[in-house]
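What follows is a single structure, and I will ask about it in a moment.
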Amino acid sequence: MENQKIIFASDYKGIKLKQFLLRHAQSLGLDVKDVGIEVGSSLDYIDVTKLLTNELQYGPNALGVIVCGSGQGVAIAANRLSQIRAAWCRTIEDALSVRSKLNANVLCLGSEYSTFEETKDCFDIFIKTPFKDEKHGKYVTKLNTNATAHRYDGVNIIARAIITHKDHILLTTVTESNKEFASDLYFLPGGHIEYKESAIVGLKRELKEEMNVEVSSLEFAGVLECTWDRKGRIYHELNLVYKAEIPGLDLANPPQAVDHALHQFVWRPLSEIETYKILPETLTPLIIQATKIQESESLFFSQMLEEKSA
């Protein structure tokens, strides 16, 4: 517990309680960080929740504690984001349950409903209780599935990554548990770009959320537009495609999907790319073009090195 990192946040109604809990955490020897807010800040409970969840999603493994007047508002705001499991707790029984059964990673507290001592007791139980993975792990895996869905009433902007390694390409496919798509369909890793988010930032976020990898570089490969009919509804997409460099890749051990109960990543030979059913279908020519450029560049530099060594 001593090495556990705790991220604290609150709206203006929770500042005093947050500061009390932060000092308590420091007295326990915990690694703490306060992302806001201070007295006089104009940020509301939705804004501070975003600050906290950004730290948890893109920073080191940590737990979050966030306080507002009721505890309910921050819980709803936090749970809109992938990989966040926020729970409002008023008793130690609440805290024990959400940690052991749900692997909750954000403790939500209400300054208007609990005393300082009650919240301290909840905090202590929350950080000390282990998750019973062997019993509840499969359910938490489902909770981790990104809830972002295609809109049929507007344009869906998708960022996708061409990830190659040793003449292979990394593709996404579904497991037997996933009944949404046929098992012989493939997709490029990536996902929806969020409002006010750039494509590059969004793609890095998606790859971190999907397979817990860090992207070293991205190079724009192309854009394609497609419209498709699914169960009588018309969906419209703009796909922004990038070639992604990710260190430490291994053909024998493809990255494991965070929601591995529903999706999986597989390596497939680039030479066979035209034999796979990759959606959208017009992605395949773009992938071929992008990877051929990559191959020609590699050949060019190899020839230069050979000439220099000669």
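Which one of these does Ile288 not meet: (1) of a type in the set (Val, Ile, Thr); (2) under 30 Å from Lys50 (Cα atoms); (3) without any contact (Cβ under 8 Å) to a residue 24 or more places away in the chain?
Looking at each condition in turn, Ile288 falls short on (2).
Here's the yes/no breakdown for (1) on the phi > 0 side of the Ramachandran plot; (2) touching a strand residue (DSSP E or B) at 6+ places or on another chain (Cβ under 9 Å); (3) at pLDDT 90 or above:
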| position | (1), (2), (3) |
| --- | --- |
| Ile7 | no, yes, yes |
| Asp31 | no, yes, yes |
| Asp34 | no, yes, yes |
| Gly59 | no, yes, no |
| Leu63 | no, yes, yes |
| Val74 | no, yes, yes |
| Leu81 | no, no, no |
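Is there a residue being more than 27 Å from the chain's Cα centre (by Cα), modelled with pLDDT of 70 or more and of a type outside the set (Gly, Ala, Ser) anywhere in the stretch 235-255?
no
So which of Ala87, Ala77, Ala25, Ala9 ends up being surrounded by 15 or more Cβ atoms within 10 Å (Cβ to Cβ), without any contact (Cβ under 8 Å) to a residue 24 or more places away in the chain, assigned by TED's automatic domain parsing to the domain that holds Glu112 and not polar (S, T, N, Q)? Working first, answer last.
Values: Ala77 fails: without any contact (Cβ under 8 Å) to a residue 24 or more places away in the chain; Ala25 fails: without any contact (Cβ under 8 Å) to a residue 24 or more places away in the chain; Ala9 fails: without any contact (Cβ under 8 Å) to a residue 24 or more places away in the chain.
Exactly one of Ala87, Ala77, Ala25, Ala9 is surrounded by 15 or more Cβ atoms within 10 Å (Cβ to Cβ), without any contact (Cβ under 8 Å) to a residue 24 or more places away in the chain, assigned by TED's automatic domain parsing to the domain that holds Glu112 and not polar (S, T, N, Q), namely Ala87.
Somewhere in the stretch 104-115, is a residue surrounded by 16 or more Cβ atoms within 10 Å (Cβ to Cβ), in a loop (DSSP other than H, G, I, E, B) and free of Cβ contacts under 8 Å to residues at least 12 places away in the same chain?
Looking through the stretch 104-115, none of the residues is surrounded by 16 or more Cβ atoms within 10 Å (Cβ to Cβ), in a loop (DSSP other than H, G, I, E, B) and free of Cβ contacts under 8 Å to residues at least 12 places away in the same chain.
Out of all the residues in the stretch 116-129, which are under 17 Å from Ile7 (Cβ atoms) and crowded, with 19+ Cβ neighbours inside 10 Å?
Passing the criteria: Thr119, Cys122, Phe123, Phe126.
The values are calculated or read from the model by the stated rules, or taken from the named source; none is laboratory data. Just so we're clear, the structure is a prediction, and the values are computed from it rather than from any experiment. Don't worry about glycine lacking a Cβ; one is built from the backbone with ideal geometry, like all the others, and counts go over all protein chains shown.
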